[in-house]
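Participant: Pasting a structure here, questions to come.
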Amino acid sequence: MNPREDKILMSHGNGGRMMHDLIGHLFLKHFGNKILEEQTDAAILPVDTPEVAFTTDSFVIDPLFFPGGNIGKLAVCGTVNDLAVSGAEPRYISVSFILEEGFSMQELEVIVKSLAEEARHAKVTIVTGDTKVVNRGKCDKLFINTAGIGMVRKKDQMVGKARNIHPGDVIIINGTIGDHGMAVMNARESFNFKSPVISDCASLNHMIREILDRSSGVKFMRDPTRGGVATVLNELAAKIGHGIEINEQALPISKGVSAMCEILGFDTLHIANEGKVIVVASEQESKLILEIMRNHPLGKQSAVIAHIVSDHPGRVVLKTGTGGKRIIDSLTGDPLPRIC
């Protein structure tokens, strides 16, 4: 790649020399591994379980850089977490870039480097990908599409399916909510709030694997991304036919997020997260799960935030700090577009 090329050109997507230079001098430089370096049209992957999990995701976040991460790190975390909460051990991911002509080559390398570092941290291998370049104004700088494959043990195949959940079971989250959505909103609009808000963007697979290795009592897992905790719990309540009661005083919320939501009129329960997992388990099993979470760097502020109840079947209700109750619905509309 010519060092004078500091911007993406249409020629970087035409399949010719400049595209191959971009792949070789940037993507393979940071993503390189034996499978990817074969540069075949399809990666041939070894699998060692009869069941595999497969997911795909696209990332169109604005801005591309935010406190706590960037679109590259986010692409890995989002895909890895979707696999992990389904009971899978993430192994392989694909990464495809849609680049706008004129995009900074320097910024692209920062993003690619961050993506590669997070993949190594999560212990997933980037095995295939694609690059497309579109004319100026036809894409907002950069979009990323990923797909992920994970191996699923027989004992973990039901983790994402919400089976055998009963009144009395508890709902746990591994830390503060709303951090990602508010960090992106603050970066986008430059509100300059004094309280720092940093995205919780993180790969949760190592913590989740420890939970599944040590506990046999996990009944459900889900990562509350777009739509937040409220949407996940409403989907769960509708699926199991029981009610869910959230304890407002138990919700872990940072001061910065709480202040921003209050000023902007947002409900923290509807704000996106990118490093959180919701776990449903029996009350007895919850003690072990909380212990595992709190001993992990990504679970220091874990808490039981809600219970499965026989009242108001299919509904999610918040028990407020004043003793009252109010219904919590799924997110409607899109107050925070392009947060992932």
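The values are calculated or read from the model by the stated rules, or taken from the named source; none is laboratory data. Note that this is a predicted model, so its numbers are computed, not measured. Cβ atoms come from the backbone with ideal geometry, glycine included; neighbour counts cover every protein chain shown.
Participant: May I ask you to list the residues in the range 230-264 that are in contact with a helix residue (DSSP H, G or I) (Cβ under 6 Å, 6 or more places away or on another chain), in a helix (DSSP H, G or I) and closer than 24 Å to residue 164 by Cβ?
Facilitator: Hit for the range 230-264 is 230, nothing else.
Participant: Right, here's the next one. Within the bounds of the range 213-229, is there any residue that is of a type in the set (S, T, N, Q), in contact (Cβ under 8 Å) with a residue 24 or more places away in the chain and outside any loop (DSSP other than H, G, I, E, B)?
Facilitator: From the range 213-229, those of a type in the set (S, T, N, Q) are 215-216, 225; that's our starting set.
Right, trim to in contact (Cβ under 8 Å) with a residue 24 or more places away in the chain and you get 215-216, 225.
Of the ones still in play, those that are also outside any loop (DSSP other than H, G, I, E, B) are none.
No; the residues of the range 213-229 include none that is of a type in the set (S, T, N, Q), in contact (Cβ under 8 Å) with a residue 24 or more places away in the chain and outside any loop (DSSP other than H, G, I, E, B).
Residues are listed down the side, and each one gets a yes or a no for (1) out of contact with any His (no Cβ under 9 Å at 6 or more places or on another chain); (2) modelled with pLDDT of 95 or more; (3) buried (at least 18 other Cβ atoms within 10 Å of the Cβ):
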{"position": "92", "(1), (2), (3)": "yes, yes, yes"}
{"position": "110", "(1), (2), (3)": "yes, yes, no"}
{"position": "117", "(1), (2), (3)": "no, yes, no"}
{"position": "122", "(1), (2), (3)": "no, yes, yes"}
{"position": "136", "(1), (2), (3)": "yes, yes, no"}
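Participant: Would the range 9-31 turn up any residue that is closer than 26 Å to residue 153 by Cβ and in contact with a Gly (Cβ under 9 Å, 6 or more places away or on another chain)? Even if it seems obvious, please write down each step before you answer.
Facilitator: To start, the set of residues in the range 9-31 that are closer than 26 Å to residue 153 by Cβ comprises none.
No; the residues of the range 9-31 include none that is closer than 26 Å to residue 153 by Cβ and in contact with a Gly (Cβ under 9 Å, 6 or more places away or on another chain).
Participant: Let me ask something else about it. Suppose we keep only residues that are buried (at least 23 other Cβ atoms within 10 Å of the Cβ) and touching a strand residue (DSSP E or B) at 6+ places or on another chain (Cβ under 8 Å) within the range 187-202. Which one would you say is nearest to residue 285 (Cα to Cα)?
Facilitator: By that ranking, first place goes to 201.
Participant: Which of (1) under 30 Å from residue 10 (Cα atoms); (2) without any contact (Cβ under 8 Å) to a residue 12 or more places away in the chain does residue 145 not meet, given it meets every other one?
Facilitator: (2)
Participant: Within the range 110-155, track down each residue that is of a type in the set (Asp, Glu) and either in contact with a Leu (Cβ under 6 Å, 6 or more places away or on another chain) or over 19 Å from residue 70 (Cα atoms) (or both). Explain how you work it out, then say what you get.
Facilitator: At the first step, the residues of the range 110-155 found to be of a type in the set (Asp, Glu) are 117-118, 130, 140.
If the condition is that a residue be of a type in the set (Asp, Glu) and either in contact with a Leu (Cβ under 6 Å, 6 or more places away or on another chain) or over 19 Å from residue 70 (Cα atoms) (or both), then 130 is the only one that fits.
Participant: Mind checking whether some residue in the range 266-278 is assigned to a helix (DSSP H, G or I) and over 21 Å from the mean Cα position of the chain (by Cα)?
Facilitator: Scanning the range 266-278 turns up no residue that is assigned to a helix (DSSP H, G or I) and over 21 Å from the mean Cα position of the chain (by Cα).
Results for (1) crowded, with 20+ Cβ neighbours inside 10 Å; (2) in contact with a Phe, Trp or Tyr (Cβ under 8 Å, 6 or more places away or on another chain), shown as yes or no for each residue.
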| site | (1), (2) |
| --- | --- |
| 257 | yes, no |
| 268 | yes, no |
| 279 | yes, yes |
| 300 | no, no |
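Participant: Still on this structure, please answer the following. Looking only at residues that are basic (Lys, Arg) and not in a strand (DSSP E or B) in the range 303-340, which one is nearest to residue 261 (Cα to Cα)? Full working, then the answer.
Facilitator: Narrowing the range 303-340 to residues basic (Lys, Arg): 315, 319, 325-326, 338.
This time we only want the ones that are not in a strand (DSSP E or B), so: 315, 338.
Working: 315: 24, 338: 18 Å.
This residue is 338.
Participant: Under the condition of being free of Cβ contacts under 8 Å to residues at least 24 places away in the same chain and part of a helix (DSSP H, G or I), which residue from the range 16-28 is nearest to residue 101 (Cα to Cα)?
Facilitator: As a first pass, look at the range 16-28 and keep what is free of Cβ contacts under 8 Å to residues at least 24 places away in the same chain: 16-18, 20-21, 24, 28.
Restricting the remaining residues to those that are part of a helix (DSSP H, G or I) gives 17-18, 20-21, 24, 28.
Details: 17: 17, 18: 13, 20: 17, 21: 16, 24: 19, 28: 21 Å.
Among those that are free of Cβ contacts under 8 Å to residues at least 24 places away in the same chain and part of a helix (DSSP H, G or I), it is 18.
Participant: Let me ask something else. Given the criteria surrounded by fewer than 19 Cβ atoms within 10 Å (Cβ to Cβ) and touching a residue at least 12 places away in the same chain (Cβ under 8 Å), does residue 130 qualify?
Facilitator: Numbers: surrounded by fewer than 19 Cβ atoms within 10 Å (Cβ to Cβ): yes; touching a residue at least 12 places away in the same chain (Cβ under 8 Å): yes.
When the stated conditions are applied, residue 130 passes them.
Participant: Tell me, yes or no, whether the range 11-18 has at least one residue that is under 26 Å from the mean Cα position of the chain (by Cα) and at negative phi.
Facilitator: Let us first name the residues in the range 11-18 that are under 26 Å from the mean Cα position of the chain (by Cα), namely none.
No, the range 11-18 contains no residue that is under 26 Å from the mean Cα position of the chain (by Cα) and at negative phi.
Participant: Checking the condition of a type outside the set (Ser, Thr, Tyr), modelled with pLDDT of 95 or more and assigned by TED's automatic domain parsing to the domain that holds residue 283, which residue from 129, 175 passes? Show your work before the answer.
Facilitator: On the way: 129 fails: assigned by TED's automatic domain parsing to the domain that holds residue 283.
That would be 175, the only listed residue that is of a type outside the set (Ser, Thr, Tyr), modelled with pLDDT of 95 or more and assigned by TED's automatic domain parsing to the domain that holds residue 283.
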